[in-house]
């Protein structure tokens, strides 16, 4: 990763740590996921309120999947800031994702949103810069290539009643070069039916929509989505069911069951569990 990218990352981290130390309210969370394709993930995340209309967020996740070469581990680290000017808000974030032996990505994202009393719409942009290590049939031909992607999308949440809401979203990516699998490239390292695999993180486009039903402090979420991978052009249809319930005055727990139907890998199921702690005044 170049010095410029590291400098930006450290600057964001320094600002985040300084402001988070003075947070008025916060949410801390931990999550775990496992799927039927032997994919595993664990995440730690937090949101910190700085004043009434500004939030800082951070996420650190570790993913492990199995493929033809054994285990593959990837890491995600994300830092963001969100400020609501009422009724318009903006969110900025920077993140690192990948594995230094295969593929790394340094991302910058921004969202401009309008939030009313009962609805929210957002225009989203994401810039991804990749470093990809290619292992050909002969070790001497190993090389690294750089490419990038620009993503544009929209998200929204709209009420359908007092206890029902609709959420929708989508994103389209344009890559600076063709990254489809070539026969002379050892791209099998990408291939895994797990939803946590690298191939499912390099997408051409995605869309999703869902309904949330609230029952007091509890809620049920039904979501359907579809995406196409940029590496092999395969399409994946996904369906998930989530249930959120309080455990105490300051803690909530969420369970989510997911089902993926992939053109290339067949069916995969996954179970995710999240625990949230609400602190501050």
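The values are calculated or read from the model by the stated rules, or taken from the named source; none is laboratory data. Predicted, not measured: the structure shown is a model, and the values here were computed from it. Methodologically, a virtual Cβ is constructed for each residue, glycine included, from the backbone with ideal geometry; neighbour enumeration extends over all protein chains shown.
Among the conditions (1) part of a loop (DSSP other than H, G, I, E, B); (2) modelled with pLDDT under 95; (3) at negative phi, the only one that residue 248 does not satisfy is (2).
Among residues belonging to the stretch 96-118 that are surrounded by fewer than 14 Cβ atoms within 10 Å (Cβ to Cβ) and modelled with pLDDT of 95 or more, point out the one that is farthest from residue 57 (Cα to Cα).
The residue in question is 114.
Restricting attention to the stretch 241-281, the residues being more than 26 Å from residue 49 (Cβ to Cβ) and surrounded by fewer than 13 Cβ atoms within 10 Å (Cβ to Cβ) number 2. Checking the stretch 86-95 against the condition returns no match, with no residue being closer than 17 Å to residue 201 by Cα, at pLDDT below 90 and in contact with a strand residue (DSSP E or B) (Cβ under 8 Å, 6 or more places away or on another chain). Summed over the stretch 211-234, residues that are surrounded by 15 or more Cβ atoms within 10 Å (Cβ to Cβ) and within 16 Å of residue 167 (Cβ to Cβ) total 7.
Listed by position, the strands (runs of 3 or more DSSP E) inside the stretch 21-100 whose residues that are free of Cβ contacts under 8 Å to residues at least 60 places away in the same chain number at least 1 are 40-49, 54-67, 70-84, 88-99. The set of residues from the stretch 164-190 being modelled with pLDDT under 95, surrounded by fewer than 19 Cβ atoms within 10 Å (Cβ to Cβ), in contact with a strand residue (DSSP E or B) (Cβ under 7 Å, 6 or more places away or on another chain) and farther than 21 Å from residue 127 by Cα comprises 184, 185, 186, 188.
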